[in-house]
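> First the structure, then my questions, so here it is.
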Amino acid sequence: MKIDRQLGILSILLQRDTVTAPYLAEQFEVSRRTINRDIEDLCRAGIPIMTRQGVGGGISIMDGYRVDRTLFTNAEMLDILAGLRSLDSVNGTNRYGKLMEKLSAGYSDFMVGDQSVLIDLSSWYKEALAPKIELVRTAIEKSRELEFFYYSPRGESLRRIEPYYLIFRWSNWYVWGFCKTKEEFRLFKLNRMDQIWMTELTFAKRQVPMPDLDNEKIFPGGIQVKALFEPMCKWRLVEEFGTGCFQETEDGKLLFQADYTSREDLLTWLLTFRDKVELLEPEYLRKELRDSVIRIVKKYRDN
């Protein structure tokens, strides 16, 4: 992208006395004309860049503009690399790794140094998810409306939105956009979106409110759960809810208490423990779970 390339050019100029336009064009795999336009944009942004013709000439930043010739410390560059690698893990490309190599010009020990932070944001749905992320990003950059079928607990529907932000939260990817059907900003989960296409309709950007991603806002709770688990389930309770979610009883069982959001998700979660858990409260869900188990037994009963 243009901004990525211009940031890379600025990073190189801050680290080297002089570079040539052909060198930059080769590094960023664009034409010399594109590099010249980028230099003009950087000058308009207030960066004092000079160009000199002839032998020994090239592109440089005016003397006295910089005190420290580097944009980032080595530790900061390592953190940036970890973040960029995590984005590569989503789409299976090396786009951001290549950008990092360009940004790191002049850091001789950077690319070969030990990496202590490795982030992988890929999922089981990587093959289906990566094209969606790329399409949403393109639509955001070009201010083009998206249409897609959306699947929710209330059914499926055709939606058209103005996309504004890609968000990674709660181990999933979302797009925050203005829904033309509901006439309000909504958060859409990418894994629930199908047959996405970018329309020819462009939109003028609105004043966009930032999404409220507070857990209590998105998952308001309301179901006070009390359940009794077998001791062998401790590792899962700790992994999913932390060590403070249960108390050990005298017979070694685990009395679990939590505030849950979704009735359906709760019942599904409990069933993954099979006979290793007993739901105690709330009573109405205890009855619903019992009825579900009875129906399951009927399905698997021998004729």
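> Looking at the structure I just gave you, is residue 278 at pLDDT 95 or above, more than 15 Å from residue 234 (Cβ to Cβ) and not β-branched (Val, Ile, Thr)?
Considered against the rule, which asks whether it is at pLDDT 95 or above, more than 15 Å from residue 234 (Cβ to Cβ) and not β-branched (Val, Ile, Thr), residue 278 comes out as yes.
> Among the residues of region 138-147, count how many are assigned to a helix (DSSP H, G or I), within 11 Å of residue 198 (Cα to Cα) and not β-branched (Val, Ile, Thr).
The qualifying residues number 2.
> Can you work out which of the residues in region 237-285 that are among the β-branched types (Val, Ile, Thr) and within 28 Å of residue 297 (Cα to Cα) is surrounded by the most Cβ atoms within 10 Å (Cβ to Cβ)?
Here the residue is 277.
> Still on this structure, please answer the following. Do we find that residue 234 is surrounded by 13 or more Cβ atoms within 10 Å (Cβ to Cβ), in a helix (DSSP H, G or I) and without any contact (Cβ under 8 Å) to a residue 60 or more places away in the chain in this structure?
Yes: the conditions hold for residue 234.
> Would you check which residues across region 258-303 are acidic (Asp, Glu) and either in contact with a strand residue (DSSP E or B) (Cβ under 7 Å, 6 or more places away or on another chain) or assigned to a helix (DSSP H, G or I) (or both) and list them?
Correct list: 259, 264, 265, 275, 278, 281, 283, 288, 291.
> Does residue 135 satisfy the condition of being of a type in the set (A, V, I, L, M), modelled with pLDDT under 90 and in a helix (DSSP H, G or I)?
no
> Within region 242-275, how many residues are without any contact (Cβ under 8 Å) to a residue 40 or more places away in the chain, under 14 Å from residue 229 (Cα atoms) and of a type in the set (A, V, I, L, M)?
Total meeting the criteria: 4.
> Related question: Inside region 126-183, can you point out the residues that are under 17 Å from residue 202 (Cα atoms), exposed (fewer than 13 other Cβ atoms within 10 Å of the Cβ) and touching a residue at least 12 places away in the same chain (Cβ under 8 Å)?
Correct list: 141, 142, 181.
> With respect to residue 227, is the statement that it is farther than 27 Å from residue 152 by Cα, in contact (Cβ under 8 Å) with a residue 24 or more places away in the chain and not in a strand (DSSP E or B) true?
No; evaluated as a whole, the condition is false for this residue.
The values are calculated or read from the model by the stated rules, or taken from the named source; none is laboratory data. Source: prediction; values computed, not measured. Neighbour counts run over all protein chains shown; Cβ positions are idealised from the backbone, glycine included.
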